[in-house]
Each structure stands twice: as C-alpha cells, then as structure tokens.
1. What order do ILE51, ILE56 take when sorted by accessible area (1.4 Å probe), most exposed first?
2. If you plug each phi of region 70-86 into the Karplus form 6.51 cos²θ - 1.76 cosθ + 1.60 with θ = phi - 60°, what whole-Hz ³J(HN,Hα) values come out, in order, with x for Gly and Pro?
3. Counting residues in region 1-80 as N, plug N into 2.2 N^0.38 Å and put the Cα Rg over that result.
4. Sorting check: for 102-113, 63-74, which peptide has the highest mean count of neighbouring beta carbons within 10 Å, and how do the rest follow?
5. Rounded to a whole number, what % of the accessible area of region 1-46 do carbon and sulfur atoms account for, probe 1.4 Å?
6. How large, in percent, is the carbon and sulfur part of the accessible surface of region 64-105 at a probe radius of 1.4 Å?
7. Whole-Hz Karplus ³J(HN,Hα) for region 23-39, in order, using 6.51 cos²θ - 1.76 cosθ + 1.60 and θ = phi - 60°, x for Gly and Pro?
8. Relative contact order for the chain: what percent, with Cα pairs under 8 Å and sequence separation of 6 or more?
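The values are calculated or read from the model by the stated rules, or taken from the named source; none is laboratory data. Keep in mind that this is a model prediction, so the values were computed, not measured. Here Cβ is always computed from backbone atoms with ideal geometry, including for glycine, and neighbour counts include all displayed protein chains. SASA here: full protein model, heavy atoms, side chains in, ligands and nucleic acids out. Shrake-Rupley method; radii C 1.70, N 1.55, O 1.52, S 1.80 Å.
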Amino acid sequence: QVQLVESGGGLVQAGGSLRLSCAASGRTFSDYTVGWFRQAKGKEREFVAAINWSGISTSYADSVKGRFTISRDNAKNTASLQMNSLKFEDTAVYYCAQRVTVSSRGVYEADYWGQGTQVTVSS
C-alpha cells in the first residue's frame, strides 16, 4: 500500500517562494518516477513536474519551467517541489503522485496520489 502525504502549502504573495514536500510510505518509492500535479478551481488537473527513480532526469510543464525545481531523496522516501517567482496563476491544489508515466500522446498520469495541499498566491 502506497501512501503519499503532502505538506508545505500556504498563502504567499506573488513573486514569493514555497517548498512543497511529499512523504511516501512503501518500499518501492525509489523504483518509480514521482511527480507533482495541480488543479485550480474549475479547471482540470494538470501536470507540473516529474523526476525519475534516480533523480537524474526531470521534466516540467512549460508554465513552470525555470521557476520550479523538483527533487527527491530516496533514502528518506521524500520528494520536494521548490517553487520560486510564484504567480497568481500558480494558485491550485498541488498533488504528489507516484508511478508517474507519460503516454505516447504526452499525457502524464499516475497510479498513486496524495490528498493535496493548497497553494494560494495573492496578486
């Protein structure tokens, strides 16, 4: 059974920074790609960032590239998302996900999801 617990969300002014953390249970954390997704009110959930099992390969949505950084610590079964230069449009519930895959059409999906943490950016 995989459980993912996010933390670190909150209210921040535009231009500020937040760091989200994801604590995972289960022995297979280090075997799979981990990612972050977000869902703004009234919108569909969207991919934000992913990092492969070793931490060497990362991918980002164009909207966050250069501002967000994903990382992981397999020894601690944790993943993080450092978010800098936050914008009002980054406001959303952010979800940690495990066993992230990308389809041939470029759609990111995951098998396991956390409960989400709210990030609110004031303009």
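1. Values: ILE51 5, ILE56 145 Å².
Most to least solvent-accessible, the answer reads ILE56, ILE51.
2. Using θ = phi - 60°, the values come out as 9, 8, 8, 10, 5, 5, 9, 6, 10, 9, 9, 9, 8, 10, 10, 6, 5 Hz.
3. On the way: Rg = 13.2 Å, N = 80, 2.2 N^0.38 = 11.6 Å.
Cα Rg divided by the expected 2.2 N^0.38 Å: 1.13.
4. In decreasing order of mean packing, 102-113, 63-74 become 63-74, 102-113.
5. Working: 1220 of 2820 Å².
Carbon plus sulfur share of accessible area: 43 percent.
6. Values: 1010 of 2090 Å².
The computed percentage sits at 49.
7. 9, 10, 9, x, 7, 9, 3, 6, 8, 10, 5, 10, x, 10, 10, 8, 9
8. Values: 296 pairs, mean separation 42.8, N = 123.
Relative contact order comes out at 35 percent.
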